[in-house]
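See below for the structure under consideration.
Any read-out appearing in this document is the output of simple, stated calculations on the displayed coordinates, not a laboratory observation. Since this is a predicted model, take the numbers as computed values, not measurements. Methodologically, a virtual Cβ is constructed for each residue, glycine included, from the backbone with ideal geometry; neighbour enumeration extends over all protein chains shown.
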Amino acid sequence: MYNQKKLQDLGIFRTQDAREAGLSQPTLSRLAQSGQLLRLERGLYQYPGATIDASELDFAIACARLGKKSVIGGISALFRYGLISQVPDQIWILVPPSIRSKNPLYRCLRTQNNLVIGVVHHRIYRITGLERTLIESLQYASKMGISIAVSAARKALEEGMTSEKKLYDMAIKLGQKNGFIKYWEVIVSP
């Protein structure tokens, strides 16, 4: 017998997750063929009873594909927090240095930064918190554009979504104090 609750809680899961829940490959294939599990693509399944909001589905699939340590971040997180208006054409995702993906749907940012600090756990995916998103936007300004990073930080501060102290504290936690200070005058000047 397999751990049905575990798979339901995951919502979207990989073959490896199914094995960890007690499902063999043949049983997984039979459940998918009978419609008891939905096969999204090779090695990726959805538990049919799991309620997944359509706006979160792409994030959940990205995190399932790229592993448990992957975290939605960068421009995707800025969009999710309403700090930019243009919908990203790729899902930006932070991954450990060992993860590589050639999938054109994803913009993988391999990082040495701890993938736990400043990360918000949603039921089916992980995303960088607001402060971490803003600090890393400055860190990755060469990849996403300094104007995007600065205007997002300005907007978050002007709308009271965060504070200078919270940003400064996150910059220290991520070892990005100097980068934060470098851009601070640009952020607060009109």
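Given the rule -39500 (n - 2.57) for each run of at least 4 DSSP H residues, summed and divided by the residues of the chain, what is its mean residue ellipticity at 222 nm, to the nearest 500 deg cm²/dmol?
Value at 222 nm, helices only: -13500 deg cm²/dmol.
Under 9 Å from the Cβ of residue 44, count the other residues' Cβ atoms, weight Lys and Arg +1, Asp and Glu -1, and hand me the total.
Here the count lands on +3.
Put a dot 7 Å past each Cα toward the Cβ at residue 4 and residue 177; how far apart are the dots in nm?
Between residue 177 and residue 4, the label points sit 5.4 nm apart.
Comparing 44, 66, 130, which has the greatest mean-square fluctuation in the GNM of the chain with Cα pairs linked when under 10 Å apart?
Taking springs between Cα atoms under 10 Å, the residue moving most is 44.
What ranking do 2, 106 get, fewest neighbouring Cβ atoms within 10 angstrom at the top?
Lowest to highest Cβ neighbour count: 2, 106.
Quick one: longest stretch of the chain between exposed loop trypsin sites (Lys or Arg not before Pro), exposed meaning at most 13 other C-beta atoms within 10 Å and loop per DSSP?
Within the chain, the longest run free of exposed trypsin sites (Lys or Arg not before Pro) spans 124-190.
Considering every Cα-Cα pair within the chain, what fraction, in whole percent, is farther apart than 21 Å?
53 percent
So which GluC sites (Glu not before Pro) in the stretch 115-190 pass both tests, a DSSP loop state and at most 15 other Cβ atoms within 10 Å of the Cβ?
159
Excluding residue 188 itself, what net charge comes from residues whose Cβ is under 11 Å from its Cβ, given Lys and Arg +1 and Asp and Glu -1?
-2
Around residue 4, under 15 Å between beta carbons, what's the net of Lys plus Arg minus Asp minus Glu among the other residues?
Local net charge: +1.
Report, largest value first, the span of the C-alpha coordinates of the stretch 109-190 along each principal axis, in whole Å.
Principal extents (Cα only, largest first): 39, 25, 22 Å.
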